[in-house]
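Working notes for the structure below.
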Amino acid sequence: MKKTVDVSIPLGPIHPCFKEPARVKCETKGEFVTGAEVELGYMKKGIERIMKGRPWQEVMFLAERVCGICSVIHNMVFIEALEKMSGIEVPERAALLRVVVNELDRMQSHTLANFSYCYTIEHETLGMYLLDMREKVMDLLELITGARVTCAYIVPGGVRFDLREEDRESLLASLDAIETDVRRYMGMFEGGSLIGLRSRDIGILSKEAALEAHAVGPTARASGMPEIDRRLQHPTYQKLQFTPVSRDGCDNFSRIMIRFDELLQSIELIRRCSALLPEGPVRGGGIPGAGEIVYCGEAPRGELTYFIKTDDAGRILDISIQTPSIMNIEACCHYMLKDAASIADVPSTFVSADPCIACTER
Amino acid sequence: MSAVIYEKDLTAMKYAILVSGRHDRVVREIAADLQVGVQQLRRYIIRHFDMMLMENIPARYEAGKKDDSLMEPVARELGMELYTRYIPLFGKKQIEPVIDEVEMLVAEGKPEEEAIRIGKAMLGEVLSR
């Protein structure tokens, strides 16, 4: 007779499906997963400690180095927090250009997340298509900001560079091509029977559990919570009449599909920005001063919060960053992975929450 | 047999998480609420929580404070939901007898505020064991 034994199965810290090192310790009974724990500490940067005591001019570059995937939003939230604290106004054109760059950053982050998921469930073809599409988005980021990853595009009182008319046309033309690709890949994902088998009804995160763990971003919105989106509170997004998307599936499939939905939404937002883009300056000026603030923004993975305290010279006295991956990884390990039917679903479920260890270990 | 590579003692790293600005504020708030020493609470958390749950303490605490679904005043004041679901310091079986006892004290005529204070101290004792 076959024996069923209780064992602890550690995944990682180095795992072929994980983008970054983390150790997920799964408690199993036979092939059932009864619980999971996460061990961190393999890439701690101590970046918050490095920021303390430095002038804001240095910290704005450090902020976008918290995460290599969603660097734009770290730049944006840090600068907007300083602006709000010091009453610095941003020209309309610059505010819209910030949204354009932020949405491009969201697009490349979501595409990378969906690539990782497809790669994890062994659908490499779709994964490679998605990576190829991400390159087009990265090229657009480079076109506008001059850099692919750490752009430092957003500065107090505006943005670093204006968008030339020929670049705007090129951006819109590329977005048309990307939209066609997204719709094609969405169809492939939605209709793929093997994808469905590996993704539907797997890694369930109920609405109650999402609330309990304070899950944010697409992870929360895939559990039927459209209101969990900080863009709703952002003045520029309000002008663009932004409405969040959500799904009720609560499973891996919904989390991937909502990122596809948000890709289309980002394209639409960029088009709206482009249509509303007024003539005018992109840098209004202004120097951050003393103050204390808690400021949130919507990163690709969810709510990103900066707690900042500065002195008269704009030096950072205290700073604390709450990244969305903290909440989402916790929700993943303590709810999605708990009672999983198979250990084989653990890597894909973990990846479906789009975990960013760099963000978690600031 | 060679030494383990990844099975490390995580106490120092867990402590580093707990003494960071936001975590420290929340831990001190909970310790004051439950009338236990800060170090005592830190030790309990380090023993019972994994690193990810510890990282998420401030966000969970915030979510727990906002949750107003619990209607019974005594249970709400004692942090029935906050300390069992959001910050899982206690099991339901540990907190329910305390709630019963506090409700009994209130029924016997003790002012509710004092009865809650006694109940919180009883919860604090659970952490000290």
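Only the coordinates and a few stated rules stand behind these numbers; no lab work does. Predicted, not measured: the structure shown is a model, and the values here were computed from it. Backbone-built Cβ (ideal geometry, glycine too); neighbour counts: all protein chains shown.
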**Request:** Could you work out the local net charge near residue A:328, counting Lys and Arg as +1, Asp and Glu as -1, over the other residues with Cβ closer than 9 Å to its Cβ?
**Result:** -1
**Asked** For region B:105-115, in order, what is each residue's ³J(HN,Hα) by Karplus, 6.51 cos²θ - 1.76 cosθ + 1.60 with θ = phi - 60°, in whole Hz (x at glycine and Pro)?
**Response** 4, 5, 5, 6, x, 5, x, 4, 4, 5, 4
**Message:** Taking every pair of distinct Cα atoms and averaging 1/r, then inverting, what Kirkwood hydrodynamic radius in Å comes out for region B:1-51?
**Reply:** 12.0
**Whole-number D in µm²/s for region A:6-361 (Stokes-Einstein; Kirkwood sum over Cα pairs; 20 °C, 1.002 mPa s)** = 104
**Item:** Cleavage-rule hits (GluC sites (Glu not before Pro)) in region A:227-274: DSSP loop, at most 14 neighbouring Cβ within 10 angstrom
**Value:** A:227
**Item:** Exposure proxy order (Cβ contacts within 10 Å, fewest to most) of A:151, A:273
**Value:** A:151, A:273
**Prompt:** So how far, in whole Å, is the C-alpha centre of region B:1-34 from the one of region A:52-77?
**Reply:** 26
**Fill in**
Amide H contacts under 5 Å for residue A:34, restricted to residues at least 5 apart in sequence or on another chain and with H modeled in the peptide plane, are A:27, A:28, A:29, A:339
**Request:** Could you tally the net charge around residue A:92, taking each other residue with its Cβ under 12 Å from the Cβ of residue A:92, Lys/Arg +1 and Asp/Glu -1?
**Result:** +1
**Item:** CD proxy at 222 nm, helix term only [per DSSP H run n ≥ 4: -39500 (n - 2.57); per residue of the protein assembly as shown; nearest 500]
**Value:** -16500 deg cm²/dmol
**Reference-scaled alpha-carbon Rg (2.2 N^0.38 Å with N residues) for region A:308-362** = 1.66
**Prompt:** What list of ³J(HN,Hα) values in whole Hz, one per residue of region A:183-190 in order, does the Karplus curve 6.51 cos²θ - 1.76 cosθ + 1.60 (θ = phi - 60°) give from phi, with Gly and Pro shown as x?
**Reply:** 5, 5, 6, 4, x, 4, 6, 5
**Prompt:** For residue A:252, what charge total do you get from the other residues with a beta carbon under 12 Å from its beta carbon, if Lys and Arg give +1 and Asp and Glu give -1?
**Reply:** +1
**Request:** Could you tell me the distance between the Cα centroids of region A:145-205 and region B:35-55, to the nearest Å?
**Result:** 41
**Complete:** Across B:41-54, the residue-averaged tally of Cβ atoms belonging to other chains within 10 Å stands at 4
**Asked** If we count other beta carbons within 10 Å of each Cβ, what is the order of A:82, A:131, fewest first?
**Response** A:131, A:82
**Asked** Hey, fewest Cβ within 10 Å first, where do B:17, A:14, A:79, A:293 land in order?
**Response** A:14, A:293, B:17, A:79
**Complete:** Karplus-derived 3J(HN,Hα) from phi for region A:167-173 (6.51 cos²θ - 1.76 cosθ + 1.60, θ = phi - 60°), whole Hz, x at Gly and Pro, runs 6, 5, 5, 5, 4, 5, 5
